[in-house]
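Here is the structure we will look at, set down as structure tokens.
The values are calculated or read from the model by the stated rules, or taken from the named source; none is laboratory data. Since we're looking at a predicted model, the values are computed, not measured. Quick reminder, even Gly has a Cβ in these numbers, built from the backbone with ideal geometry, and neighbours come from all protein chains shown. Heavy atoms of the whole protein, side chains included, go into the accessibility calculation; ligands, DNA and RNA do not. Shrake-Rupley method; radii C 1.70, N 1.55, O 1.52, S 1.80 Å.
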Amino acid sequence: MSTSNLPISPDDHEFVIPKKLIKVPADMTIWEKSEAYFEYLGFILALNKSVQGKALTVECPTSPVIENVIQMLDMFDEWITEIPPTEQPQRFGNKSFRLWHERLQQNGIEKLQQVVPEKLHRAVPEIVEYLYESFGNPTRIDYGTGHEMAFLMFLCCMFKIGAFTQDDKVAVVVKIFNRYMELVRRLQLTYRMEPAGSHGVWSLDDYQFVPFIWGSAQLMGHPRIEPRHFVEQEIIDALAKKYMFFGCIKFISKVKVGPFAEHSNQLWNISAVPSWFKVNSGLINMYKAEVLAKFPVIQHVLFGSLLPIKAACAAAVGKESCQDQAPQSSRSQ
């Protein structure tokens, strides 16, 4: 088993500034055998399991670090109010987003040092790079699943350095990730951000993917709500604040016009799947194929000491779920 599965010791661990290392499509085979791939996929699966059957309103322990991250995201949200969009003729890409992102880069290290205990400050220069990538590209003024992935890698790193513990898994999804979703939706609307790499009507969503995975896990075992219900407006409105999946559908309904089956064909097809369990497993397979196996997304992934590009152990490469390759602090108990 890889030593990276054990919680790292910040005192003697050598942190590095992570870099983009997947340069050409042929490098994808390196990514698919890397520790980073199995750590990340294991993290997604472990948190997926932790929120099965749990609504956003579930009672769960909230550590000081969880509260600190939420306060940091609240501050990033306040910056949107302080940096209003400029008047400009273009439909997409309001240039004020560049000012917002510049403020993020100017203040990111200081804000992250306020989030984690002082003994973890040595890790900040490495993990802050994932935070910078989490909210969109300031040059293209776009946002997509690669930026979402960067934030999830940030959260994964927070587990790896011990800032989050086993007890924080549910709160990381229902409190932090849900707050992040609210923030990036406001960024998308305020600065009219272009969808990054969207496949139009044939994509799951213009901007996000993982909230559909974790959101469908939340609905597993629900006594009344089935997948066919998520296209019914009354039920969408009633459950949008309780379940992440319905929150995603409500946002799509808010920003797109016309029949749902036309503007969101993939989701319309998913509404015919008989159970949330099948929706969830299908979305995980789709995520592997449509995000984790796509060079245009993975070329932007950052590799450092916490999510390294070196090959994972042979036993891990042969596993389908790779859940045991998640960092110990983010594994299911």
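Taking the conditions exactly as written (open to solvent by 20 Å² or more (accessible area, probe 1.4 Å), touching a helix residue (DSSP H, G or I) at 6+ places or on another chain (Cβ under 9 Å) and of a type outside the set (D, E, K, R)), does Gly282 satisfy them or not? Considered against the rule, which asks whether it is open to solvent by 20 Å² or more (accessible area, probe 1.4 Å), touching a helix residue (DSSP H, G or I) at 6+ places or on another chain (Cβ under 9 Å) and of a type outside the set (D, E, K, R), Gly282 comes out as yes. Listed by position, the helices (runs of 4 or more DSSP H) contained in segment 219-311 that have at least 2 residues being of a type in the set (D, E, K, R) and within 22 Å of the chain's Cα centre (by Cα) are 244-255. Of the residues making up segment 81-93, just one is part of a loop (DSSP other than H, G, I, E, B), under 25 Å from the mean Cα position of the chain (by Cα) and free of Cβ contacts under 8 Å to residues at least 40 places away in the same chain, namely Ile83.
Test each condition in (1) at pLDDT 95 or above; (2) open to solvent by 20 Å² or more (accessible area, probe 1.4 Å); (3) touching a Lys or Arg at 6+ places or on another chain (Cβ under 8 Å); (4) among the aromatic types (Phe, Trp, Tyr) for Trp79 and report the one that comes out false. Among (1) at pLDDT 95 or above; (2) open to solvent by 20 Å² or more (accessible area, probe 1.4 Å); (3) touching a Lys or Arg at 6+ places or on another chain (Cβ under 8 Å); (4) among the aromatic types (Phe, Trp, Tyr), Trp79 violates only (2). Kindly check whether there is at least one residue in segment 172-194 that is under 25 Å from Ile80 (Cα atoms), outside any loop (DSSP other than H, G, I, E, B) and among the acidic types (Asp, Glu). For segment 172-194, residues under 25 Å from Ile80 (Cα atoms), outside any loop (DSSP other than H, G, I, E, B) and among the acidic types (Asp, Glu): present. Residues in segment 94-143 that are outside any helix (DSSP H, G or I) and in contact with a strand residue (DSSP E or B) (Cβ under 6 Å, 6 or more places away or on another chain) were compared, and the one that is surrounded by the most Cβ atoms within 10 Å (Cβ to Cβ) is Gly136. Among what's in segment 234-265 and is in contact (Cβ under 8 Å) with a residue 40 or more places away in the chain and under 17 Å from Asn280 (Cα atoms), pick the residue that is surrounded by the most Cβ atoms within 10 Å (Cβ to Cβ). Across segment 234-265, the extreme among qualifying residues is Met244. Of the residues Val231, Val201, Val273, the single one that is open to solvent by 30 Å² or more (accessible area, probe 1.4 Å), closer than 29 Å to Gln299 by Cα, among the aliphatic types (A, V, I, L, M) and at pLDDT below 95 is Val201.
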